[in-house]
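Okay, structure first, notes after.
The values are calculated or read from the model by the stated rules, or taken from the named source; none is laboratory data. Note that the structure is a prediction, hence the values are computed from the model and not measured. Virtual Cβ from ideal backbone geometry, glycine too; neighbours counted across all protein chains shown.
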Amino acid sequence: MIDKKLFDKISWKMPGLDIEKESFDRIDKEAGSRKANWSDSEWKVIRRLIHTTANFKIIDHIKFSNNPIEAGLNAINSGKVIYSDSNMIKSGLSVFKLQQFNEIYTRESIRCYIADSKVAQIAKEKKVSRALTAVEYAKELIDDAIVLIGNAPLALAGIIRLAEEENIRPALIIGMPVGFVNVIESKELLYQSDIPYISIEGRMGGSPLAVATLHALMEPYL
């Protein structure tokens, strides 16, 4: 049986924006002095990730390097192509928010080749993952692009290899692959690079977090 008294504890008349504001206020309060370790723009990214996961451990594992927020905003303002390793990222990114920085953005500005038939065929022939094949297939596009990796560690490792061997350099990498195989190693490759990046240490990550990061990067300026 449902305890009907619980209905009285629900804030039924809170609009969505009010719920979000209240959530952020509670996150700020619970984070306490840990906020002081970050700049305001960095904290807004971290807070958005906590809001997405309800996981305060992210505070201790988020990494910003090589001025990624400035690099990312410059790239968005310039209308740089966005490369993603999953269609979930492509579907989840807000074109409306991107258009506030540069009106040329459309859904097709967000490129993902994981389901491309040519990529699938090449991956089958080479006996490698589609995520890695997609990176190699799109390498010229990835150069100077905004890259979001939320699923495939091999996609991240492949991009760092391209940077090392062919001087293909994204404007920003949001490197948050999740899982158990190649995850830590691919992130360590990212950390040793001089490409601007935002990442989460260890096995944590996921496409929703990559999307939330880019949205949070933009929100202070909308």
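Looking only at segment 60-68, decide whether some residue is free of Cβ contacts under 8 Å to residues at least 24 places away in the same chain and farther than 25 Å from residue 107 by Cβ. Checked segment 60-68: at least one residue is free of Cβ contacts under 8 Å to residues at least 24 places away in the same chain and farther than 25 Å from residue 107 by Cβ.
Taking residues in segment 31-49 that are modelled with pLDDT of 90 or more, and partners anywhere that are not in a helix (DSSP H, G or I), the pairs with Cβ atoms closer than 6 Å and at least 6 places apart or on different chains are 42/64; 46/62. Consider segment 81-125 and keep the residues that are of a type in the set (Ser, Thr, Tyr) and not in a loop (DSSP other than H, G, I, E, B). The one that is surrounded by the fewest Cβ atoms within 10 Å (Cβ to Cβ) is 117. Considered as a group, the residues in segment 126-140 that are exposed (fewer than 14 other Cβ atoms within 10 Å of the Cβ) and outside any loop (DSSP other than H, G, I, E, B) include one that is nearest to the chain's Cα centre (by Cα), and that residue is 140. The residue of segment 38-80 that is farthest from residue 97 (Cα to Cα), among those that are surrounded by fewer than 16 Cβ atoms within 10 Å (Cβ to Cβ) and of a type in the set (Asp, Glu), is 60.
Take the conditions (1) closer than 19 Å to residue 81 by Cα; (2) in contact (Cβ under 8 Å) with a residue 60 or more places away in the chain; residue 220 misses just one of them, which is (1). Filtered by the rule that a residue be assigned to a helix (DSSP H, G or I) and surrounded by 10 or more Cβ atoms within 10 Å (Cβ to Cβ), segment 1-23 gives 18, 19, 20, 21, 22, 23.
Would you mind stating whether residue 7 is more than 15 Å from residue 199 (Cα to Cα), at pLDDT below 85 and among the aromatic types (Phe, Trp, Tyr)? So residue 7 fits the description; yes.
Which of the following residues is over 18 Å from residue 75 (Cβ atoms), touching a helix residue (DSSP H, G or I) at 6+ places or on another chain (Cβ under 7 Å) and modelled with pLDDT of 95 or more: 131, 171, 210, 157? Answer to the selection: 157.
Taking (1) assigned to a helix (DSSP H, G or I); (2) of a type outside the set (Gly, Ala, Ser); (3) more than 16 Å from the chain's Cα centre (by Cα) in turn, residue 156 satisfies each apart from (3).
The set of residues in segment 24-54 that are part of a helix (DSSP H, G or I) and hydroxyl-bearing (Ser, Thr, Tyr) comprises 33, 41, 52, 53.
Among the residues examined, residue 199 does not qualify as in a helix (DSSP H, G or I), polar (S, T, N, Q) and buried (at least 20 other Cβ atoms within 10 Å of the Cβ).
Yes/no matrix, rows are residues, columns are (1) touching a helix residue (DSSP H, G or I) at 6+ places or on another chain (Cβ under 7 Å); (2) of a type in the set (Ser, Thr, Tyr); (3) closer than 26 Å to residue 62 by Cβ:
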residue: 7; (1), (2), (3): no, no, no
residue: 13; (1), (2), (3): no, no, no
residue: 17; (1), (2), (3): no, no, yes
residue: 23; (1), (2), (3): yes, yes, yes
residue: 27; (1), (2), (3): yes, no, yes
residue: 31; (1), (2), (3): yes, no, yes
residue: 34; (1), (2), (3): yes, no, yes
residue: 39; (1), (2), (3): no, yes, yes
residue: 45; (1), (2), (3): yes, no, yes
